[in-house]
Each structure stands twice: as structure tokens, then as C-alpha cells.
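Below: one structure, written as C-alpha cells.
FYI, it's all coordinate maths here, none of it is from the lab. Quick caveat: nothing in here was measured; it's all calculated off a predicted structure. We place every Cβ from the backbone using ideal geometry, glycine too, and count neighbours over all the protein chains shown.
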Amino acid sequence: MSDDAVLEVEGLVKHYRANSRLPRRNGPVRAVDGVDLRIAAGEVLGLVGESGSGKSTVGRCVARLINPTAGTVRLLGKDISTLGRRELRPLRRDVHVVFQDAYSSLNPRLSIGAIVAEPLRQHGDGDRAGRRRRAGEMLERVGLGAHLVSRYPHELSGGQRQRVALARALVTGPRLVIADEPVSALDVSVQASILNLLLDLRQDMGFSCLFITHDLSVVEFISDRIAVMYLGRIVETASRQELFRNPQHPYTQALLSAAPVPDPTNARAAQRVVLSGDLPSQSARARGCSFHPRCPVAEDRCRTETPALTAVTAEDHLVSCHLVTADHGGPDISGGRSGLVHHAP
Ligand code: SF4
């Protein structure tokens, strides 16, 4: 994997105006509130967080399906955050999105061949026969027979439709694929085959991937690096091995402790931690560290000072928590502190 950055995101912000029927004390909905990300060539970055954490909004801003409120999105070194529709068009061949619901993202009136060839048509690549041939080749690469070119989406299974969505995303040879919960709606056995296919294609074609999911087992399987998101911000980022071996942020520790493990007698399952309360509203963000209302080890300054994302134990391990320092590492919230509920396996 090269160190060349395919994607660099700095200070990304996406706010929405609050519903006018809501009480006045609610400010704007801060879906994304200052996110920095970097993805190297050929790298898979897993972006993980609870529903409502803002991870899908990051993906949509990066793909410029929606306009960021502020911040910079650099794709292959070019700032695309303020480009207009026409200026974005040539860049669309370099970044594609795969959505969770393949059925609604595939035009039911187009044949599979026409769906996969559509990005080539939009970019004026080749003639009709050439586009059909490349669509057939791409279908073969994602494990579907080229004979499916004349079928329609409703004739395929969920797993086959997601393979078609992958073929459509990859047919122009993009440098970045944004996969937004691409296997969440599939059976577990089908999930594994799609994830393996994505990794094989990444190996063959060399694209980078922003993989968005709420599922820790999926993110552990697919990612080279992982960024953990909470309430519109990245709270921890590290290599996959480092994050799962040495989680530092209290939120990451709680997430990992709640993930199912194959062996219920192992240490992670024995130290399950349940956070109190739900994810707060994005329009009623607490001052200071946004995690403090649920954090079992919060201190006074956590209520007033926002922690920065800073390097800790490893060079590429960044954590946003006042209690995590390069010298001492982070708090161990599974150690029986107040505010936690421990569940025996
Ligand atoms: Fe908890 Fe404070 Fe760290 Fe936030 S900064 S995670 S509230 S200890």
C-alpha cells in the first residue's frame, strides 16, 4: 500500500437547519462537526459508529452527493468541496458509492447490462457495443455470469443485486469506493462472500475504500485502519490491530465490549460494559466533550473543554479524550468504576 493520499478530509462540517416546529433551544442539527480523514492508495478505512453518529453524512459529503457546510475534501489532491455540478462530472469516474439497499439503488426499468454500462455512457466511454462488452466483463469479475446482462433487478437475489451494484461502481475503474453499510441487509453467509469479493477486487484493481458500518465484526474483517465516530466527530482512529488490541477512548472500549465474540468465556465478553442513556440529539450537543453525559469516567473539565484528537501510544493512533495521554494511555472503563453495568456472560 502506498502512502499517497487518495482522499484527504479536513474540518468537514455538515449542519442542517433544525425543524422550525421544534423548541427554540434546539440549534442546527450538527450531523458532522469537524471531521478529519485520510485514506491512502489501496487502503480500506472503516468508519464505525452508532446510528445517528453522522458516518453516512461524511460519506455523502465526500462523494459530493450533498454539499458540506464547511471544510475541505481533497480527492487525488484536488479540492472538490466547492466544485459545481459540471466541474464535478469528470471526477465522478474516480469516486463511486455502493449503498445498503441495492434494490432501490438499481433502476428497475433497466436491464442489468444497461445498469452496469450506464456510468460508461455518462462519461462517453466507447460505443454501445463496447460498453455492453465491458459491462459483461465486469459482471464476470464480480462473480455473475455475463448471461445476466439481459435480466432485470427484480429477477436477482439480494446478494446478486449487491454484486451488480459493485460492478456498476467499479466499471469506470474508480480510485475511491464509498461503501455505505453495503452488507447490512444481507444474510450472514452472503455478507461474507460480498466482503471477500470486495477485498479481492481491491487487491486486483487497487482502489481505496471508505467502508461505513455500525457492525464491528464487519469493520474488523474488512479494514486496514478504523475511525470511530460519535455524534459528528472522530473520537479515535488507529490501525485495525491496534484499535482492537488497545482501545483507548471510553466510547470505543464500550463499543468493543458490547460486540459479540465467538468464545463467551474470553476476557472481552466477561467485561461487557453497557453505557447509560441513548445517543443524544445532534441539535442539543453538550458543551465540552460530547461524550461526557454518558462517559463513566468524566471529570469536571470534560463538561467545559473539548478534547483534541491527538496521537497517543502509537504514531497513527489518535484519541480525543482528556484522560488519554502518550505517557499513561487511556482509562480502563471495564475496571468497575461507577456508572457502568457489568454483565456476566
Ligand atoms: Fe470521557 Fe472526559 Fe474522555 Fe470525554 S474527555 S471521553 S468525557 S474522560
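Stretch Glu305-Met205 to full length: gain in nm at 0.36 nm per residue minus the Cα-Cα span?
Details: separation 100, 0.36 × 100 = 36.00 nm, distance 4.44 nm.
Once the chain is fully extended between Glu305 and Met205, it gains 31.6 nm.
Expected output is a single nm value to one decimal: the length gained when fully extending between Tyr152 and Arg74, i.e. 0.36 nm times separation in residues minus the C-alpha distance. What is it?
Details: separation 78, 0.36 × 78 = 28.08 nm, distance 3.64 nm.
Contour length minus Cα-Cα distance gives 24.4 nm.
Starting from the Cα-Cα distance between Arg109 and Asp215, subtract it from 0.36 nm times their residue separation and give me the gain in nm to one decimal.
Values: separation 106, 0.36 × 106 = 38.16 nm, distance 3.25 nm.
Using 0.36 nm per residue and subtracting the Cα-Cα distance, I get 34.9 nm.
Assuming a ≥ b ≥ c are the square roots of the Cα gyration tensor eigenvalues, decide whether segment 78-132 counts as rounded (a/c under 1.5), prolate (otherwise, with a/b larger than b/c) or oblate.
Values: a/c = 2.81, a/b = 1.34, b/c = 2.09.
Oblate.
Calculated FRET efficiency, Asn246 and Leu88, Cβ-Cβ r, R0 41 Å, to nearest 0.05? Walk me through the numbers on the way to the answer.
Values: r = 40 Å, r/R0 = 0.97.
According to the calculation, E is roughly 0.55.
In nanometres, what is the gap between the two model label sites at Asp316 and Ala259, each 7 Å from Cα along Cα-to-Cβ?
Going by the 7 Å Cα→Cβ label model, 1.7 nm.
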